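Step one of this worksheet: look at the structure below.
The values are calculated or read from the model by the stated rules, or taken from the named source; none is laboratory data. The structure presented is a predicted model; accordingly, all values stated were derived computationally and were not measured. Counting neighbours? That spans all protein chains shown, and the Cβs are built from the backbone with ideal geometry, glycine included. Ligands, DNA and RNA are excluded from the accessible area calculation, which covers all protein heavy atoms including side chains. Shrake-Rupley method; radii C 1.70, N 1.55, O 1.52, S 1.80 Å.
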Amino acid sequence: MKISIYKLTGQSQENYTYIAESILYIQEQAKNKVKAFFERVPKTYDSEKYVDECIEILSQKDTRIRFEQALKEFITYVGNIMPNPQANQFKKDIHFYGKIYQIMRNTYDLTGTSVVDVSEKVKQLINKHLESQGIEVLHEPMSLYSDKFDQLLKRKKSNKAKASIMEHKIRTTINNLMPTNPVYYTSLRQRLEKIIKDRKQKILDDIKLLDELDKLKEDLDAEAIAKKHNMQKEEFAVYKLLKTQTDKAEEKLTNASKEIYSKLEKLAVIDWKDKRNHQKIMEKEIKRKLYKLDFEIEEANKLANEIMDLARSIL
């Protein structure tokens, strides 16, 4: 004997219809909140160019956070009624915005908890679609020099989209590497800001912007630059600090940098960062080398502190 859904729920047909329509209305509203982020993008639904422009809109962190919140709400509502056939009308949107979300995470190195995890049913739906599209769910940031990053760039149809991703990745890489050579990477960050400023002022077009970003990418490899100076990258980091404080001959500075780093490397015993007395010994050795370069006591003290800060990052 079949039991009516209305008897089962204790609702009249009219009330049940009203509740069902209310739920669908809420889901539609949640979908529209997500959709609203891309209102100014020309409607070429699910084309690669459209995707690129959507990702560009999400380039700012606060926008990404608001998008994640809206998408989480939409996914939750849809997940709550799956596998009810009424959820089918939202499948296309779940596929598309799930794709946007994952490409956003890949592009901007977002590796925290995914909002897709709020519903296992929707997660499976999205992941199956991503797999069919050849889009990988990454769990770790991509290196600027990795094949995966190259593949991500190749998927982009416009130079503008490629430049946006390059800018973000270069900026992130500079920030990550900054403690290992603060003087050198600060100069590269300033160079990046100048490139972006020139683009905004239309001094550079998208093609020239990409060319400048490619050159900057090459210079991010401090090890390769150090080899040109006949140094290891760690010695080069010490050299850059010394260079900011004196105009001594290159050979003299290079030799001093090598000597300072060599001494620090030998003194870097286990847990030295937690041993203040041992750090004082290292500082004295640095100052000795600096005095030989004719640094005044006050200058030597300041520079020794900076070199010790550097040592904590590279040793």
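Solvent exposure of segment 71-115, expressed per residue, is 39 Å² of accessible area, with all protein chains present and a 1.4 angstrom probe. Note on segment 36-135: percent of Cα-Cα distances in each 10 Å bin, starting at 0 and stopping at the bin with the largest distance, equals 15, 51, 32, 3.
Whole-percent P(r), segment 52-199, all Cα pairs, 5 Å bins from 0: 2, 8, 17, 19, 18, 14, 9, 6, 4, 2, 1, 0, 0.
Please compute the contact order of the chain in relative form: average sequence separation of alpha-carbon pairs under 8 Å and at least six residues apart, divided by the residue count, as a percent.
Working: 240 pairs, mean separation 37.5, N = 315.
The normalised contact order for the chain reaches 12 percent.
Average projected area of the Cα convex hull of the chain, in nm²?
On the way: hull surface 97.7 nm².
For the chain, averaging the hull's shadow over all directions gives 24.4 nm².
Of all lysines in the structure, those lying under 23 Å Cα to Cα from Lys280, and not within fewer than 8 positions of it along the same chain, are Lys240, Lys258, Lys263, Lys266, Lys289, Lys292, Lys302.
Annotation for segment 91-106 versus segment 262-315: alpha-carbon center distance of 51 Å. The packing ranking of peptides 93-100, 278-285, 30-37, 243-250, highest mean first, is 93-100, 30-37, 278-285, 243-250, where packing means the average number of other beta carbon atoms within 10 angstrom of each residue.
Think of the chain as having a plus end and a minus end, set by charges on the Cβ of Lys, Arg, Asp and Glu; of Ala70, Leu153, Val269, Ala70 sits farthest toward the positive end of this dipole. Seen against the Cα atoms of the chain and their longest principal axis, helix 159-177 is set at about 50 degrees. Using only Cα atoms and rounding to the nearest 10 degrees, what angle (0 to 90) does helix 61-81 make with the longest principal axis of the chain? Value to nearest ten degrees: 30. Database remark: amide H of Leu204 closer than 5 angstrom to the amide H of Arg199 (H placed geometrically; neighbours at sequence offset of 5 or more, or on other chains; Pro and chain starts carry no H). The residue among Ile207, Leu303, Leu242 whose Cα reaches farthest toward the positive pole of the charge dipole of segment 167-315, with charges on the beta-carbon of Lys, Arg, Asp and Glu, is Leu303. Annotation for Thr180 and Lys280: the two label points, set 7 Å from Cα along the Cα-Cβ direction, are 3.3 nm apart.
Within the P(r) computed for segment 247-309, what percentage of the Cα pairs occupies the region above 13 Å? Beyond 13 Å sits 62 percent of the P(r) for segment 247-309.
Taking the alpha carbon gyration tensor of segment 40-86, what are the square roots of 5 times its eigenvalues, largest first, to the nearest whole Å?
Numbers: eigenvalues 124, 55, 9 Å².
Largest first, segment 40-86 gives 25, 17, 7 Å.
Between their Cα atoms, which of Lys208/Lys252; Lys43/Lys99; Lys228/Lys284; Lys31/Lys202; Lys43/Lys154 are more than 28 Å away from each other? Over 28 Å Cα-Cα: Lys208/Lys252; Lys228/Lys284; Lys31/Lys202.
For Lys227, the aspartates and glutamates whose Cα falls under 18 Å of its own Cα, not counting residues fewer than eight places away in the same chain, are Glu218, Asp219, Glu235, Glu250, Glu251, Glu259.
Considering only protein heavy atoms and a 1.4 Å probe, what is the carbon-and-sulfur percentage of the accessible area of segment 133-196? Within segment 133-196, the accessible surface is 51 percent carbon and sulfur.
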